Amino acid sequence: MQSILHHPISYCFMFIKNKAVPASLLFLFFVVVCSNTRALDSSGKSTRDEAIPESMRQAQMVSSAFRETSRKVIPSVVKVVIRRGSPAKQAGTKDKKKPLLPFGDFLPEVPEEEAIEGVGSGVLVDPSGIVLTNNHVVAQSNSGNITVELDDGRRVKVNSLKKDEQSDLAVLTLEEKGNYPFLKFGNSDLLEIGDWVLAIGNPFMLESSVSAGIVSAKHRLLGKKGHGIYIQTDAAVNPGNSGGPLVNLKGEVVGINTAIASLSGGNQGIGFAIPSNTALWVMTQLMKTGKVSRAFLGANVERIGYEEGRKYGLAPRQGVRIATIYTDTPAARAGLRNNDLILAFDGIDIDSREALEAMIESADTTRQHEVTILRDYTPARQKITVQLQICPDNFVAVPLAEKVIERGKYYNDRGLGIMVIPLTPDVAKRYNYVGKQGLVVLNVTPGSKAWKSGLRNGMLVTTVNSVPVHDVENFKQNLKKASLVNGITLDVLAPGSKKLTLTIKK
């Protein structure tokens, strides 16, 4: 049946014909009805709807997506509360009524009986009651001091706590088993810059807060503040958000919110999240063995400069350079050398040191892996097979020539940015300089005068201003006689015995 609003005029005439009501009232009814009637086009659709701009329609669709995702995700996000009595109270807590958050900001006023030491966020990732959060949220506590508060108001104690300081992740097992709401992991490798994401957590004890933003960058490195690579987002992340999920519009966990870059201590549009693929890998190991075992290559790598990359026909940010090979490591046993350029690992292109490290640490150590390299300054690609191993707990990175350095047989010129060591039989064999004479460059400081001349780790210096060098003292004296104003000319051999002449200038 069609609505009377679709045919107001014919309806009024029907009433007049049947004399059901006075004509004056019918006229008033006619005016009111017409004023609320939407004009129709030939298809029966309202022309008022057609007047809505397409941009507004798209905005409404995005709003609807945020709304549906939030409704799906919020029940699985929890508050992680640390009660007083933990083994080591957080430094700086002077006022018991104002506990500190992991980021160091004060919470709002809370009742004395609450006895809260700290608070963060977490996410249920299994219906049995498994919560994933940050290690720094629970680092100063044990399972007996932690309470998890669900969105529906339940407070559940924690039965076990497993932590990994290196990745800044922790896994909590709830004491009460049950069919908890939970979120699935998404594939963080599929994220692209510009993708919409939501950050959910409890900033400043404000439960179930949702903020929206985009993926601002990938493969971010936090240096001393974190291990591995991070997702950067401009979705608002504040103290208290730590451990909460970063989700895509499907409601899948694509990251664990971990840190912020801020001058004020609050959100300034730069937040960082641990990628979900990393989080899942760490969580799986913690649940299985209680610790995380990481594979390693045993080589220190560095970025390839733009100009140097062009010489090899490499795209910007393609590949990394091996700066140092460490003794008794998978890299040394595989025959990798200083100055090898690593372009791919198991067929996957490498664009940064962090990306290579992330791939290696989670790699299978029971099988061999293929490393694609460029060597000896030639454009021909080579493939090296390497058998990785789990990094020992007591591993110390020992450069090839440590024993030489211990005996004091080295020379370090800080002004030029170069350290050289004698060409001992062991060193000559390692660098493929058997039968040669000179000094091996152990280290070149990036950006230094020596670096700008083209000198790199692993090269063999044979002459200084055409004078042959054969020991550290001889090298030092020749440098003193030389002048940076006129330029210091070095004849060198690159790994593979390629001859080069380089000039260090002021």
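The values are calculated or read from the model by the stated rules, or taken from the named source; none is laboratory data. Remember, predicted model here, so these are calculated numbers, not experimental data. So basically every Cβ, Gly included, is an ideal-geometry build from the backbone, and we count neighbours across all protein chains shown. All accessible areas refer to the heavy atoms of the entire protein, side chains included, with ligands and DNA or RNA removed. Shrake-Rupley method; radii C 1.70, N 1.55, O 1.52, S 1.80 Å.
Within segment 73-84, does at least one residue satisfy the condition of being modelled with pLDDT of 65 or more, over 30 Å from LYS184 (Cβ atoms) and surrounded by 15 or more Cβ atoms within 10 Å (Cβ to Cβ)? Within segment 73-84 (the criterion being modelled with pLDDT of 65 or more, over 30 Å from LYS184 (Cβ atoms) and surrounded by 15 or more Cβ atoms within 10 Å (Cβ to Cβ)), the answer is yes, since at least one residue qualifies. The set of residues in segment 147-181 being open to solvent by 70 Å² or more (accessible area, probe 1.4 Å) and assigned to a loop (DSSP other than H, G, I, E, B) consists of ASP151, ASP152, ARG154, GLU165, GLN166, GLU175, GLU176, LYS177, ASN179. Among the conditions (1) in contact with a Leu (Cβ under 8 Å, 6 or more places away or on another chain); (2) open to solvent by 40 Å² or more (accessible area, probe 1.4 Å); (3) polar (S, T, N, Q), THR233 misses just one, which is (2). Among the residues of segment 351-370, not a single one is on the phi > 0 side of the Ramachandran plot and of a type outside the set (A, V, I, L, M, F, W, C). Selection of first residues in segment 359-383 that are open to solvent by 20 Å² or more (accessible area, probe 1.4 Å) and of second residues that are part of a strand (DSSP E or B) and hydroxyl-bearing (Ser, Thr, Tyr), restricted to Cβ pairs under 8 Å at least 6 apart or on distinct chains, gives the following pairs, ordered by first then second residue: GLN368/THR385; GLU370/THR385; ARG381/THR372; GLN382/THR372; LYS383/THR372.
Tell me yes or no: at least one residue of segment 194-205 is more than 25 Å from ASP164 (Cα to Cα), open to solvent by 40 Å² or more (accessible area, probe 1.4 Å) and in a strand (DSSP E or B). Among the residues of segment 194-205, at least one is more than 25 Å from ASP164 (Cα to Cα), open to solvent by 40 Å² or more (accessible area, probe 1.4 Å) and in a strand (DSSP E or B), which makes the answer yes.
Considering each residue of segment 306-353, count those that are at pLDDT below 85, assigned to a strand (DSSP E or B) and open to solvent by 30 Å² or more (accessible area, probe 1.4 Å), and give that number. Counting residues in segment 306-353 that are at pLDDT below 85, assigned to a strand (DSSP E or B) and open to solvent by 30 Å² or more (accessible area, probe 1.4 Å) gives 1.
Pairing each residue of segment 182-193 that is surrounded by 21 or more Cβ atoms within 10 Å (Cβ to Cβ) with any residue that is in a helix (DSSP H, G or I) and among the charged types (D, E, K, R), provided the two are 6+ apart or on different chains, yields C-beta distances under 9 Å for LEU183/LYS72.
Does GLN268 count as open to solvent by 10 Å² or more (accessible area, probe 1.4 Å) and either charged (D, E, K, R) or outside any loop (DSSP other than H, G, I, E, B) (or both)? So GLN268 fails the test.
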